[in-house]
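A short worksheet on the structure shown next.
The values are calculated or read from the model by the stated rules, or taken from the named source; none is laboratory data. It should be emphasised that the depicted structure is a prediction, and the values quoted were computed from it without experimental measurement. So basically every Cβ, Gly included, is an ideal-geometry build from the backbone, and we count neighbours across all protein chains shown. When the accessible area is computed, the model is the full protein with side chains, heavy atoms only, and any ligands, DNA or RNA have been set aside. Shrake-Rupley method; radii C 1.70, N 1.55, O 1.52, S 1.80 Å.
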Amino acid sequence: GLVEFHRHIAAKRDSLPFDIDGVVYKVNDIALQEKLGFVTREPRWAVAHKFPAEEQMTVVRDIDIQVGRTGKLTPVAKLEPVFVGGTTVSNATLHNEDETRRKDVRIGDTVIVRRAGDVIPEVVGVVLEKRPAEVGEPFDLCKRLDGKCPVCGSAIVREEGAAAWRCTGGLFCPAQCKEALLHFASRRALDIEGLGDKLVEQLVDAGLVHSPADIYLLDELTLAGLERMGEKSAQNLIEAINHSKKTTLARFIYALGIRNVGETTAKDFARNFGSLDNLITADEARLQQVPDVGPIVAQSIIAFLAEPHNREVITKLRASGISWAEHEATRIETLRLSGKTIVLTGTLPSMSR
């Protein structure tokens with residue numbers, strides 16, 4: 001009955017006056033709901049049954065290369081605009097070079113596009129029977145870019161075993177600089193309200209900001225002179241910048257945008273080291289004593305702090321007045337199970353699997 005209902009609603013989906021991506025089945029009895037209980041993310045008495053993502057065919061006009069915050073180079077298909085899943089799609093991610101080659105997406109191909117999770121547009125595959133005779137060559141990212149970043153001209157590298165090529169330019173690369181600034185100002189980092197995409201683009205392109213530290217050198221007069229920025233907007237942004245100076249160590253570590261260091265890892269570092277200086281002076285072995293921190297994350301921290309430019313930015317940020325409460329580092333004890341990996345199967349008397 002549930003499956004039949006799902007089919008019935010799917011058939012009516014396009015005629016509904018609102019967008020849906022599936023149906024939810026619920027046990028309609030409070031006593032049974034209480035008996036069934038919850039798992040971590042959802043109740044056991046309710047389940048979502050999604051519809052397949054809507055797919056459409058269109059043509060790849062070009063393949064662009066985007067540069068992310070960490071220098072990751074992502075191929076993006078520039079498409080003949082097509083209406084998919086309630087919106088017009090003209091760009092779709094190809095993820096990385098290996099995925100682009102696996103699907104054998106070429107310029108001029110007719111491809112099937114869908115919105116993954118009804119959100120992010122992606123290319124599902126190529127319709128080979130529609131491939132024109134004069135279609136482009138198989139995708140080769142390094143050859144296409146002549147081994148250089150499309151934004152700053154720095155060399156690109158691909159680490160052994162990694163899927164993605166990366167620009168080596170760091171903050172010298174305007175694309176990386178813009179993404180780094182947006183990350184630094186994001187809500188979970190320093191939370192500078194009003195510092196969005198368009199403004200960051202103007203600040204970097206005008207040469208006013210080269211690193212996060214330069215944000216704290218901006219003044220109302222300079223900001224008010226920018227496009228779409230008036231006196232009041234400039235004043236509000238300066239207030240937001242000054243307000244961001246009072247933060248936490250975890251937010252500051254996360255805001256630095258260190259590769260492989262997310263919000264949770266930043267909190268772990270802050271909790272275990274207590275101060276930024278303790279983190280900066282820690283060696284790889286000490287870093288790996290932090291729970292859930294392995295050699296990859298430890299190496300990312302070491303590599304980031306080994307760059308003189310990054311150390312200089314941190315010094316300037318602290319000099320600008322950014323501060324947080326610090327405490328003593330957590331004392332690492334050598335316990336009986338330290339360093340051991342324990343695998344539990346089945347259940348225990350006091351807890352579930």
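GNM on the chain, C-alpha springs below 10 Å: top fluctuator among Val290, Val23, Val105?
Residue with maximal mean-square fluctuation among Val290, Val23, Val105: Val23.
Would you mind computing Rg(Cα) / (2.2 N^0.38 Å) for the chain, counting N as its residues? Each step should come with its number before you reach the end.
On the way: Rg = 25.2 Å, N = 353, 2.2 N^0.38 = 20.4 Å.
For the chain, the normalised Cα radius of gyration is 1.23.
For the chain, what is the calculated [θ] at 222 nm in deg cm²/dmol (nearest 500), taking -39500 (n - 2.57) for each run of four or more DSSP H residues and dividing by its residue count?
Calculated mean residue ellipticity at 222 nm is -9500 deg cm²/dmol.
For the range 207-262, give the magnitude of the charge dipole about the Cα centre (Cβ charges: +1 Lys/Arg, -1 Asp/Glu; no others), in debye to the nearest 20.
On the way: 6 positive and 6 negative charges, 76 e Å.
So the magnitude is around 360 debye.
For the chain, which whole percent of the accessible surface, found with a 1.4 angstrom probe, sits on carbon and sulfur atoms?
Here it works out to 51 percent.
With a 1.4 Å probe and all protein chains kept in place, how do Asp283, Asp29, Asp292 rank by accessible area, largest first?
Output order, biggest surface exposure first: Asp292, Asp283, Asp29.
Report, in whole Å, the centroid distance computed from the Cα atoms of the range 296-327 and the range 130-165.
32
Under 4.7 Å Cβ to Cβ, no partner at all: give me those cysteines from the chain, in residue order.
Cysteines lacking a close Cβ partner in the chain: Cys142, Cys177.
Enter the accessible area per residue of the chain (Å², integer; probe 1.4 Å; all protein chains in place).
60
Considering just Cα atoms, how many Å³ per residue does the convex hull of the range 13-124 enclose?
So the per-residue hull volume is 147 Å³.
Taking every pair of alpha-carbon atoms in the range 43-94, give the share separated by more than 17 Å as a whole percent. Can you show the working numbers first?
Numbers: 714 of 1326 pairs.
Tail of the P(r) past 17 Å holds 54 percent of the pairs.
Taking a temperature of 10 °C and a viscosity of 1.306 mPa s, what whole-number D in µm²/s does Stokes-Einstein yield for the range 294-351 with Rh from Kirkwood over alpha carbon pairs?
98
If we restrict to alpha carbons, what Rg and Dmax does the range 80-226 come to, in Å?
19.3, 60
Can you list residues from other chains, or at least 5 along the same chain, whose modelled amide H is less than 5 Å from the amide H of Gly22?
Result for Gly22 returns Phe51.
Would you please give the residues with an amide H less than 5 Å from that of Ile192, counting only those at least 5 places away or on a separate chain, with H modeled from the backbone geometry?
Distant-sequence amide H within range of Ile192: Ser186.
Could you identify which residue out of Lys246, Lys198, Lys12 has the top mean-square fluctuation in a GNM of the chain using Cα springs shorter than 10 Å?
Most flexible of the set in this elastic network: Lys12.
Ordering Lys50, Lys35 by accessible area with a probe of 1.4 Å, largest first, what comes out?
From most accessible down to least: Lys35, Lys50.
Quick one: among His49, His210, His243, which has the greatest mean-square fluctuation in a GNM of the chain with alpha-carbon springs under 10 angstrom?
Evaluated over the chain, the most mobile residue of the options is His49.
Could you report the accessible area of Phe83 in Å², rounded to 10, computed with a 1.4 Å probe on the protein chains as they sit in the structure?
120
Put +1 on the Cβ of each Lys and Arg and -1 on the Cβ of each Asp and Glu in the chain; which of Val313, His95, Gln176 then has its Cα farthest toward the positive end of the dipole?
His95
Calculate, axis by axis, the spread of Cα positions in the range 240-353 along the three principal axes, and write the results as whole Å, longest axis first.
Between the extreme Cα coordinates on each principal axis of the range 240-353 lie 54, 29, 25 Å.
Taking just the alpha carbons, could you work out the radius of gyration and Dmax for the range 172-309, both in angstroms?
16.4, 51
Under unit Cβ charges (Lys, Arg +1; Asp, Glu -1), what dipole magnitude, rounded to 20 debye, does the range 229-353 have relative to its Cα centre?
Roughly 260 debye, rounded to the nearest 20.
Quick query: amide H of Asn91 versus all other amide H atoms, modeled in the peptide plane; which residues come in under 5 Å with a sequence gap of 5 or more or a different chain?
Leu79
Would you list Leu199, Leu344 from the most to the least accessible area, probe 1.4 Å?
Leu344, Leu199
Report the Cα centroid-to-centroid distance between the range 212-247 and the range 28-61 in angstrom, as an integer.
44
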